[in-house]
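Written below as structure tokens is the structure these notes are about.
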Number of protein chains: 4
Amino acid sequence: MKPTTIAIDLNSDLGEGFGIWRMGADVELLDAASSANIACGFHAGDASIMRHVCEMAVQRGVSIGAHVAYQDLVGFGRRRMEVDPQTLANDVIYQIGALDAFARLAGDRVRYVKPHGALYNTVVTDAEQARAVVAAVRSYDPNLAILGLPGSRLLQLAGDAGLRTVAEAFVDRAYESDGTLTPRGRPGAVSQDASSVVARAVRLAFDHEVETIDGGILSLHAESLCIHGDTPNAAELARRVRFTLEEAGCAIVPFARATAVPVA
Amino acid sequence: MKPTTIAIDLNSDLGEGFGIWRMGADVELLDAASSANIACGFHAGDASIMRHVCEMAVQRGVSIGAHVAYQDLVGFGRRRMEVDPQTLANDVIYQIGALDAFARLAGDRVRYVKPHGALYNTVVTDAEQARAVVAAVRSYDPNLAILGLPGSRLLQLAGDAGLRTVAEAFVDRAYESDGTLTPRGRPGAVSQDASSVVARAVRLAFDHEVETIDGGILSLHAESLCIHGDTPNAAELARRVRFTLEEAGCAIVPFARATAVPVA
Amino acid sequence: MKPTTIAIDLNSDLGEGFGIWRMGADVELLDAASSANIACGFHAGDASIMRHVCEMAVQRGVSIGAHVAYQDLVGFGRRRMEVDPQTLANDVIYQIGALDAFARLAGDRVRYVKPHGALYNTVVTDAEQARAVVAAVRSYDPNLAILGLPGSRLLQLAGDAGLRTVAEAFVDRAYESDGTLTPRGRPGAVSQDASSVVARAVRLAFDHEVETIDGGILSLHAESLCIHGDTPNAAELARRVRFTLEEAGCAIVPFARATAVPVA
Amino acid sequence: MKPTTIAIDLNSDLGEGFGIWRMGADVELLDAASSANIACGFHAGDASIMRHVCEMAVQRGVSIGAHVAYQDLVGFGRRRMEVDPQTLANDVIYQIGALDAFARLAGDRVRYVKPHGALYNTVVTDAEQARAVVAAVRSYDPNLAILGLPGSRLLQLAGDAGLRTVAEAFVDRAYESDGTLTPRGRPGAVSQDASSVVARAVRLAFDHEVETIDGGILSLHAESLCIHGDTPNAAELARRVRFTLEEAGCAIVPFARATAVPVA
């Protein structure tokens, strides 16, 4: 293993079951990730799942984030909703508060907020909903970070409001030359090939760049890499991304606490 | 007005609308009560209602309590459910956490917990569910008080666990000679007559006793009187109870902060 | 009373409570209306409310329609959602089937479908969602009518699919010169003045025209007039609209059964 | 293969996903079963799942039953609820109506009703809730059968009301000598051993008896055998039960249509 020279965060969506239903490999992802985006009951997650995932996260030193969403359980928060900004802000606060109860019970607290699904996509461009999310986070705790897409309206407004913003990159998604994600339907939009995913993670971490769908090079400074958990080989992929990054000399460190990064 | 010699708390159920639907006279009850039992989204209440009621409560110096319930919106939390204790405890924590977010935003915090509806009735005798509620409250914040029926399993176990317990009495309900409430169906079980309600409030506050359904006298030390909000004349009744108590020399003071009661 | 020379339908939204919560004056509106748009549990309404309203409707000879909506209870179906067409179609079928059970129990059956709230507005222009609603209705029962806005994509596609379409007009809403409704926020968009509402109803029924917001005249052939139930004086207004129309010689007859209109 | 001399029904719980979540091996179970107990949205199932499972069932000649439940999604209908009988009856009607829409769309109709989870257990002894289920089924369609536990209050009251009753036996559960099921917690209560499950199925089908937990023999005439789908090897087990029964000369035929059983 090379000496650790740099550090990056790995974030993953967790606790996305509901009641009797389960989704994703929570334990394996917690072993690989450094930040856990935990569902808060609006698109997935219930009180018991939230508590359990918080406990497992704290045990592993994984940072807890509120994965806030539209109130749409049957649609898993993946359907854009025209929620008025004040209602959206209150819904975000409710979700953070509920999760924070379990985070504190487990010995930590909510460290950041990441919008989920359709809300994530909407606040890339929609200033009104982005502003609502920022206002909610800020009113709950101005020390919370916001995790989102680099260049999004959300991160821009969060920065303007004095919140810490954390840009993320996707190790399994193709990028357009303008920095947006290639829509999921298109050929090559999502990669499940382990080698290419791992290679992209290393390049993002060390060189801050990613190859675009048309073969160009995109400069992309991400403090966190998102590793998805909903593909069949997600757990294995996450493990390999972490292992390869560490082998290459990149420490996996939660961004939300990365005040003192170990440098060789 | 006589000089204030004693003090009591008046608690009332608030924020029991959902979405577009409203219930009860929240503003009028907040003007009369000193403690607000606020619904947390499981039997009633949504994020926006919770925020609004918290803000109004803090403006009036009314203490905020989490009115925790079974997860049963269509049944308004009034149907007994056989929830396993661990799930129940987690559901209670979730509700307190969500409400606490809005209480803190409004400048205060959740001060106590009161079970609602079928859960209220169940924990009078059911040790398992009572223990779950106590464990939840204690794990969230051991400084929280629990408001409930005197002699209930809930208050007994809460006391054993070192929590502050607050016994309440009902100004509009008839009592059996053993201290239990006369079931709602029976003749004379519920009184909407203003004079008798007010008289009972005064007697409970000053003499710590209440007339039973069969004409006897029951000794009943209650730190808080519950005034219901779901009768047609609830707002007027609440106002008269408060006014008459104050006129008689009894201050209306939130129990959850009653560290320094003004004494004449 | 003039001899009855013409007939029109009056439709109203009904059964919009949920659980313990109530909304609108169901009984009074059923006494005035000839068609009941009954909520089916997705934006409002539960099984017990649906059954009760169906029974009351059948007793009064009021025709039963399924008021289908997005699955959004806390938002009362008023928030546009990007639901994929197949899911939307299935949701519409589910709602019709559930209501039909109660309609048949009461001795009739569902006679028509009217989209509610945000879905109503969306299918005015959105061909994809409109097509989904049409497909759902047609697959459930091709004899069902669709009630909607004249000129809407919904009615156009429903007509193309061979379904009976019924155009409605609003007696309390202002119209633009192009036939669209003046948005609710604008001055003069909604009228609660009884005289002007009643006058508009008569003019729509007899002359098939309505004055526009800018003082012009709009030709508008509506088989049904929508009377809202969510204003404070809704019940009184509905009664006066019906009374005045009947006095003027216009019979109030359900469109869904209007095979033999009584003509003087 | 022996000549077919007898016939029995195999029923299985299906469509128990919700939104994005899936549960059980629907396709494999539909290939083995002759009757499908389909969730109707109250404990599991949504409109799109219901439609899909109905279509697959009809394609395979599998009979459609409404698997009705308490309204408790997060608890999967497994928590006893004290629902008042009229509300319960209306909830059952709502569920049957919604499923019937999809059954008819697929070319068949709902043929029977089976209570799910906690409701199933409650109506074994609770006459009030059992009566509510019977009243609901009868009012929807008196030709519907009710599938349940032999000796239960439900089947007794359904028979009294003139409904067809169908007794089921469990091939993977141990029985007490009084005919009740050994509670799940006890050692030996549930068997996942393929050989013993298959042997029990054959004995139930041909000899109408089952070995009890204490080694005795219990006479048990069941028209239908329930094969569970929530164990890891459920699909394989179901296949083997069907195959072995058929090899032994027992045809697998839906009870709800078994008017003309093929006999050798």
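Points worth noting:
- The one condition from (1) in contact with an Asp or Glu (Cβ under 6 Å, 6 or more places away or on another chain); (2) under 21 Å from B:T165 (Cα atoms); (3) not small (G, A, S) that B:H221 does not meet is (1).
- In the set (1) closer than 30 Å to A:G45 by Cβ; (2) of a type in the set (G, A, S); (3) outside any loop (DSSP other than H, G, I, E, B), D:A103 fails one condition alone, (1).
- The set of residues in region A:1-49 being of a type in the set (A, V, I, L, M), touching a residue at least 60 places away in the same chain (Cβ under 8 Å) and closer than 20 Å to A:V62 by Cα consists of A:I6, A:A7, A:I8, A:L10, A:L14, A:M23, A:A25, A:L29, A:A32, A:A33, A:I38, A:A39.
- Number of the exception - B:Q86 against (1) within 9 Å of another protein chain (Cβ to nearest Cβ); (2) within 12 Å of B:A36 (Cα to Cα): (2)
- Residue in region A:165-184 that is closer than 24 Å to A:R51 by Cα and in contact with a helix residue (DSSP H, G or I) (Cβ under 6 Å, 6 or more places away or on another chain) present: no
- Any hit, region D:53-60, residues being touching a Leu at 6+ places or on another chain (Cβ under 7 Å), more than 20 Å from D:G17 (Cα to Cα) and more than 10 Å from every other protein chain (Cβ to nearest Cβ): yes
- Verdict on B:P187 being part of a loop (DSSP other than H, G, I, E, B), out of contact with any Asp or Glu (no Cβ under 9 Å at 6 or more places or on another chain) and within 25 Å of B:A103 (Cα to Cα): no
- Considering region B:113-149, and only residues there that are among the hydroxyl-bearing types (S, T, Y) and closer than 25 Å to B:R184 by Cβ, the residue that is nearest to the other protein chains (Cβ to nearest Cβ) turns out to be B:T122.
- Of everything listed in (1) hydroxyl-bearing (S, T, Y); (2) crowded, with 24+ Cβ neighbours inside 10 Å; (3) closer than 25 Å to B:Q71 by Cβ, the single unmet condition for D:Y112 is (3).
- Against the numbered list (1) free of Cβ contacts under 8 Å to residues at least 60 places away in the same chain; (2) buried (at least 24 other Cβ atoms within 10 Å of the Cβ); (3) farther than 26 Å from A:R138 by Cα, B:D100 comes up short only at (3).
- Odd one out for A:G45, checked against (1) surrounded by fewer than 24 Cβ atoms within 10 Å (Cβ to Cβ); (2) not in a strand (DSSP E or B): (1)
- Output for region A:9-19, where each listed residue is within 14 Å of another protein chain (Cβ to nearest Cβ) and hydrophobic (A, V, I, L, M, F, W, C): A:F18
- Residues located in region A:132-174, provided they are of a type in the set (D, E, K, R) and either at pLDDT below 95 or under 14 Å from the mean Cα position of the chain (by Cα) (or both): A:E168, A:D172, A:R173
- Residue list for region A:128-162, filter: closer than 13 Å to A:P115 by Cβ and either without any contact (Cβ under 8 Å) to a residue 24 or more places away in the chain or among the charged types (D, E, K, R) (or both): A:R131, A:R153, A:L155
- All positions within region A:109-151 that are under 28 Å from A:V171 (Cα atoms), part of a loop (DSSP other than H, G, I, E, B) and among the charged types (D, E, K, R): A:R109, A:D126
- Scan of region C:101-112 for residues that are more than 10 Å from every other protein chain (Cβ to nearest Cβ) and more than 26 Å from C:P150 (Cα to Cα), ordered by number: C:A106, C:G107, C:D108
- Filtered residues of region B:190-237 (kept if acidic (D, E), assigned to a helix (DSSP H, G or I) and in contact (Cβ under 8 Å) with a residue 40 or more places away in the chain): B:E236
- Within region D:136-166, the set of residues being acidic (D, E) and within 20 Å of D:R109 (Cα to Cα) comprises D:D141 only.
- The single condition from (1) of a type in the set (G, A, S); (2) on the phi < 0 side of the Ramachandran plot; (3) within 19 Å of the chain's Cα centre (by Cα); (4) away from chain B (no Cβ under 14 Å) that A:A98 fails is (4).
- Checked against the criterion of being under 22 Å from B:L245 (Cβ atoms), within 14 Å of chain A (Cβ to nearest Cβ) and not in a helix (DSSP H, G or I), region B:61-68 contains one or more residues that satisfy it.
- Annotation: of all residues in region A:20-40 being modelled with pLDDT of 95 or more, within 14 Å of chain D (Cβ to nearest Cβ) and surrounded by fewer than 24 Cβ atoms within 10 Å (Cβ to Cβ), the one that is nearest to B:Q71 (Cα to Cα) is A:I20.
- Only residues that are closer than 26 Å to D:G249 by Cβ and either among the β-branched types (V, I, T) or at pLDDT below 90 (or both) were counted in region D:175-191, giving 1.
- Test: C:V241 is touching a helix residue (DSSP H, G or I) at 6+ places or on another chain (Cβ under 7 Å), part of a helix (DSSP H, G or I) and β-branched (V, I, T): yes
- Just one of (1) within 30 Å of C:H208 (Cβ to Cβ); (2) among the aliphatic types (A, V, I, L, M); (3) at pLDDT below 95 fails for C:I8. It is (3).
- Among the conditions (1) away from every other protein chain (no Cβ under 11 Å); (2) touching a helix residue (DSSP H, G or I) at 6+ places or on another chain (Cβ under 7 Å), the only one that B:V92 does not satisfy is (1).
- Some residue of region C:77-95 being under 22 Å from C:I227 (Cα atoms), buried (at least 23 other Cβ atoms within 10 Å of the Cβ), touching a residue at least 12 places away in the same chain (Cβ under 8 Å) and among the hydrophobic types (A, V, I, L, M, F, W, C): no
- Here A:T165 meets each of (1) touching a residue at least 24 places away in the same chain (Cβ under 8 Å); (2) buried (at least 21 other Cβ atoms within 10 Å of the Cβ); (3) not acidic (D, E) with one exception, condition (1).
The values are calculated or read from the model by the stated rules, or taken from the named source; none is laboratory data. Quick caveat: nothing in here was measured; it's all calculated off a predicted structure. A quick note on method: Cβ atoms are made from the backbone with ideal geometry, for glycine too, and the neighbour counts reach across all protein chains shown.
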